[in-house]
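No lab work stands behind these numbers, since they all come straight from the coordinates. Computed from a prediction, not measured in an experiment: that's the story for all the values here. Methodologically, a virtual Cβ is constructed for each residue, glycine included, from the backbone with ideal geometry; neighbour enumeration extends over all protein chains shown.
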Ligand SMILES: NC(=O)c1ccc[n+]([C@@H]2O[C@H](COP(=O)([O-])OP(=O)(O)OC[C@H]3O[C@@H](n4cnc5c(N)ncnc54)[C@H](OP(=O)(O)O)[C@@H]3O)[C@@H](O)[C@H]2O)c1
């Protein structure tokens with residue numbers, strides 16, 4: 001069945017692959033972005049998937065964006081909270097602004113985007129909430145106290161949300177990607193990246209389409225008993241307990 005899906009940060013990187021995969025599954029996808037107009041226009045021209053600019057870090061902007069999507073496309077049934085940023089520094093050098101930007105964009109966003117949708121999902125008795133965390137939210141990463149905190153927060157949020165809404169036909173799950181070959185990882189210095197790849201038993205970075213395939217499954221009817229799960233997609237780099 002075709003559903004309306006929102007993918008935050010859905011015009012680039014992992015999000016773009018997720019948007020394409022859900023569209024290929026027959027869903028009506030809307031891809032959100034923050035401000036990179038060029039990338040959004042290119043994505044829209046290549047895929048025909050509508051794009052919408054709003055700031056997931058801001059509750060008012062997010063609520064307005066969600067309302068606009070629902071007015072134009074109908075009620076949202078699938079939410080993929082994918083938008084994220086890094087502002088790396090060791091904690092003793094980390095500014096409040098770096099802390100706050102990452103917490104607001106990566107964690108507050110999950111509230112800002114899911115809250116306006118959840119009552120409708122409950123009323124209609126079906127929903128899929130898929131939140132993109134990170135290997136570094138599971139294991140912690142030096143230089144990323146802000147990012148690790150936000151990504152770990154997403155896991156706790158999702159587990160609680162799954163319990164609250166399971167009886168209403170709604171699933172909430174986390175995907176925790178390892179290092180994926182996107183612009184976010186391209187920003188990592190080459191010598192550091194080489195060392196990271198050496199710690200991945202599979203011997204390579206992951207691909208955005210591998211994360212997208214996992215989202216596609218979680219969004220499907222087949223995944224209705226997957227709820228409150230954390231799916232690690234990391235080439236065996238870190239094997240978490242849950
Ligand atoms: N790449 C990896 O190895 C990796 C590993 C683990 C987890 N992740 C997570 O996977 C997700 C996607 O990562 P990526 O590597 O694909 O990132 P990316 O290539 O940097 O793309 C980020 C996307 O998020 C959007 N975005 C950023 N801030 C936003 C805001 N305030 N409001 C709305 N949209 C915003 C960007 O929009 P603009 O284009 O307008 O800037 C862009 O579409 C993130 O949550 C990231 O933390 C990535």
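Going by the alpha-carbon gyration tensor, a ≥ b ≥ c the square roots of its eigenvalues, is region 140-210 rounded (a/c under 1.5) or, if a/c is not under 1.5, prolate (a/b greater than b/c) versus oblate? Cα axes put region 140-210 in the prolate bin.
In percent, rounded to a whole number, the relative contact order of the chain is 20, using alpha-carbon pairs under 8 Å and six or more apart. Compared with the direct C-alpha span, the chain from residue 100 to residue 202 gains 33.3 nm at full extension, assuming 0.36 nm per residue. For region 95-242, the alpha carbon positions stretch 51, 37, 26 Å along the principal axes, listed from largest to smallest.
In this calculation the C-beta distance from residue 111 to residue 46 is compared with R0 = 45 Å, giving a FRET efficiency of 0.90. Between residue 236 and residue 194, the simple label model (points 7 Å from Cα in the Cβ direction) yields a spacing of 2.4 nm.
Dividing the mean sequence gap of close Cα pairs (under 8 Å, 6+ apart) by how many residues region 14-63 holds gives a relative contact order of 32 percent. Building the convex hull from the alpha-carbon atoms of region 37-156 and averaging its projection over directions returns 8.6 nm². Rounded to the nearest 10 degrees, what's the angle between the helix 59-73 long axis and the longest principal axis of the chain, both from Cα atoms, 0 to 90? Approximately 50 degrees, to the nearest ten. Figure legend: label point modelled 7 angstrom from the Cα of residue 187 along Cα→Cβ; residues of region 75-117 with amide N under 16 Å from it are 82-90, 94-95, 97-107. Note on region 49-76 and region 129-156: Cα centroid distance 25 Å, given to the nearest whole angstrom.
Relative to the longest principal axis of the Cα atoms of the chain, the long axis of helix 145-165 lies at roughly 30 degrees.
Using a Gaussian network model of the chain in which every pair of alpha carbons under 10 angstrom is joined by a spring, one finds that among 57, 187, 23 the greatest mean-square fluctuation is at 187.
Helix 208-219 and the longest principal axis of the Cα set of the chain meet at an angle near 40°.
Computed over region 110-227, relative contact order equals 28 percent, with contacts defined as Cα pairs under 8 Å that lie 6+ residues apart.
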